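> Take a look at the following structure, please.
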Amino acid sequence: SASLLNAIEMAPRDPILGITEAYNADKNPKKSNLGVGVYYDDNGKLPLLECVRKAEAQLMEKTAPRGYLPIDGLAAYDKAVQDLVFGADSAVVKEKRAITAQAIGGTGALKLGADFLKRFAPDAQVWISDPSWENHRALFESAGFVVNNYPYYDATTKGVNFAGMLDTLKNMPAGSIVLLHACCHNPTGADLTDAQWTQVIEVVTSRGLIPFLDMAYQGFGDGIESDGKVVGLFANAGGPVFVSNSFSKSFSLYGERVGALSIVATSAEEAARVLSQLKRVIRTNYSNPPIHGGQVVATVLATPELRALWEEELAGMRVRIREMRQAFVEKLKAKAPNHHFDFVITQRGMFSYSGLTKEQVTRLREEYSIYAVDTGRICVAALNSGNIDYVVDAVAQVL
Ligand code: PLP
């Protein structure tokens, strides 16, 4: 009836997309958008990776027809992703204890995992870090879960409140679902140390919690292997493990929506049952995933020259971000010697919780056309040799 739609209220705007809208409308030629969640190159442009261009050229040559993919996606993609995420030589892969299904980006992988868990652990509650990627809460709530926070960021140390986190893990009911960022924590850039991960795995395993690792930035921290290490550690710890991963950032394939959900079971037989149920979740959501992005990633990962090229290009992105962290801190030290920003160098991934207050962020926007998130999160990958001096000068002015 007409009154059905009539009564619908306007939903709140997405805060981050709102920043981009305001930025786009800004006429200042010096404007800078540090609110984004994507990697820009030193020219401030979204890159198209050379490995992707070459894989696409190969695929164009083949001019294959476009049948449906299997429900769980392209088999070559699922295999390549599983090897990448767990290690081709890992026990989980060799024993066929893990299943991997292509998903619509990292977000789609999280949603598949959430829907699957709602079917088989309907009474569990979900715990996410405080703060976390802003979509985590909404996503698990929309799957029907109650979502809680565990302590994570400590604003005074600009690091992790590890004691608080561990204490909360120790007191959760068995069977609780714990969402963890495998590397490059978004939004804070503060990651756990190896020793802290060991303790987390110990508590998660001994208390029977269900770990859900979100890995959206593999390769942006210290390297592909070292960023993925924690996934292997959880997989070896025995219990069920859920892993969502995304190639949006690491392949600069945002709009192709390429990600995957992997679930680690205790045996190949159990894994086969898990996959059969996951396929039902997929079938009733979108039937089967699109072809192109998965084919590009599978081609790159399985072709030695392209794989080497990808690793080189990914290292290039990682190193450029690190250089921007370093430059930001050094330049700021010269302009504002009484303020300490060394923690920005220690942070990992695309983001920095800069410590800038909401008032300072507002001044940056109103007086300098520099757009950051109200929480002080800046995207370090949006800094470049052309805008860094302007940004540092402005930051020094508002401190
Ligand atoms: N998880 C985290 C922590 C993210 O930061 C993002 C993207 O910003 C995603 C998941 C979603 O990735 P995708 O764009 O592939 O859906």
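> Work out the P(r) tail for the chain: percent of alpha carbon pairs separated by more than 33 Å, whole number.
That fraction is 34 percent.
> So how do 193-202, 171-180, 21-30 stack up, highest first, on mean other-Cβ count within 10 Å?
171-180, 193-202, 21-30
> At what distance in angstrom do the alpha carbon centres of the stretch 1-56 and the stretch 249-292 lie from each other?
Here the answer is 26 Å between Cα centres.
> Something else about it: Dividing the alpha-carbon radius of gyration of the stretch 163-210 by 2.2 N^0.38 Å (N being the number of residues), what value is obtained?
Output field value: 1.13.
> Could you list, in their original order, any pairs among K79/K229; K79/K279; K111/K279; K54/K249; K62/K96; K94/K229 whose Cα atoms are separated by more than 20 Å?
Violating the 20 Å Cα-Cα cut-off are K62/K96.
> About its Cα centre, what dipole magnitude does the stretch 63-303 give when the only charges are +1 on Lys and Arg Cβ and -1 on Asp and Glu Cβ, stated in debye to the nearest 20?
Dipole magnitude for the stretch 63-303 comes out near 760 debye.
> Name the long-range amide H neighbours of L213: under 5 Å, sequence gap of 5 or more, or other chain; modelled H, no Pro or chain starts.
Excluding prolines and chain starts, which carry no amide H, the hits are L180, F242, V243, S244.
> Angle check, please: helix 292-302 long axis (alpha carbons) against the longest principal axis of the chain (alpha carbons), in degrees 0 to 90, nearest 10.
Orientation of helix 292-302: about 80 degrees from the principal axis.
> Here's something else I'd like to know. Taking the simple approach of a point 7 Å from Cα along Cα-to-Cβ for both E312 and A174, what is their distance in nm?
Each label point is offset 7 Å from its Cα along the Cβ direction, giving 5.3 nm.
> Let me ask you something else. Between M317, I291, V281, whose Cα lies farthest towards the positive end of the dipole of the stretch 270-399 when Lys and Arg beta carbons carry +1 and Asp and Glu beta carbons carry -1, centred on the Cα centre?
Of the options given, the answer is V281.
> Next question. Taking the dipole about the Cα centre of the stretch 308-399, with the C-beta of Lys and Arg at +1 and of Asp and Glu at -1, give me whichever of A308, A336, Q326 is farthest to the positive side.
Towards the positive end, the residue furthest out is A336.
> Work out, step by step, the length gained on full extension between T63 and K358: first 0.36 nm times the residue separation, then minus their alpha carbon distance; give nm to one decimal.
101.0 nm
> FRET efficiency for L17 and E270, Cβ-Cβ distance as r, R0 = 35 Å, nearest 0.05?
0.30
> Using the 2.2 N^0.38 Å rule of thumb for compact globular proteins, work out how the stretch 246-333 stacks up: its C-alpha Rg over that value, please.
1.54
> What are the residues whose amide H is under 5 Å from the amide H of A98, where those residues sit 5 or more places off or on another chain and H is modelled from the backbone?
The list, which skips near neighbours in sequence, is A265.
> Let me know the shape class of the stretch 94-250, please: from the alpha-carbon gyration tensor, a ≥ b ≥ c as square roots of the eigenvalues, rounded when a/c is under 1.5, otherwise prolate if a/b is greater than b/c, or oblate.
Cα axes put the stretch 94-250 in the rounded bin.
> Moving on to the next point. Any chance you could run the full-extension gain for Q196 through K96? It's 0.36 nm times the residue separation minus the Cα-Cα distance, nm to one decimal.
Once the chain is fully extended between Q196 and K96, it gains 33.1 nm.
> Take the alpha carbon atoms of the stretch 194-234, find their center, do the same for the stretch 335-352, and report the distance between the two centers in whole angstrom.
25
> Something else: Assuming R0 = 30 Å, what is the FRET efficiency of T346 and V146, from their Cβ-Cβ distance, to the nearest 0.05?
My answer for the efficiency is 0.35.
> Looking at the chain, send over the antiparallel percent of its DSSP beta bridges, to the nearest 5.
Of those bridges, close to 50 percent are antiparallel.
> Using θ = phi - 60° and the Karplus relation 6.51 cos²θ - 1.76 cosθ + 1.60, list the HN-Hα couplings for the stretch 180-196 in order, rounded to whole Hz, with x at every Gly or Pro.
Per residue, the Karplus-derived 3J(HN,Hα) values read 10, 8, 4, 7, 6, 3, 10, x, 8, x, 9, 10, 6, 7, 4, 5, 5 Hz.
> In what order do L17, L278 fall by count of nearby beta-carbon atoms within 10 Å, going from fewest to most?
Fewest to most other Cβ atoms nearby, the residues stand as L17, L278.
> Please give the contour-minus-distance gain from D222 to D89: 0.36 nm per residue of separation, less the Cα-Cα distance, rounded to one decimal in nm.
Residue separation times 0.36 nm, minus the Cα-Cα distance, leaves 45.8 nm.
> Enter the mean projected area of the convex hull around the alpha-carbon atoms of the stretch 188-275, in nm², rounded to one decimal.
6.7
> Please rank S90, S354, fewest neighbouring Cβ atoms within 10 Å first, as an exposure proxy.
S90, S354
> Among F120, F140, P151, whose Cα sits farthest toward the positive end of the charge dipole of the stretch 111-152 (+1 at Cβ of Lys/Arg, -1 at Cβ of Asp/Glu, about the Cα centre)?
F120
> Which of rounded, prolate, oblate describes the stretch 1-130, given a ≥ b ≥ c as roots of the alpha-carbon gyration tensor eigenvalues and a/c under 1.5 marking rounded, otherwise prolate only if a/b is larger than b/c?
oblate
Read-outs throughout are calculated quantities, based only on the coordinates presented, and are distinct from any laboratory measurement. Here the structure is a predicted model, which means the values were calculated and not measured. Every residue, glycine among them, receives a Cβ derived from its backbone with ideal geometry; neighbour counts consider all protein chains shown.
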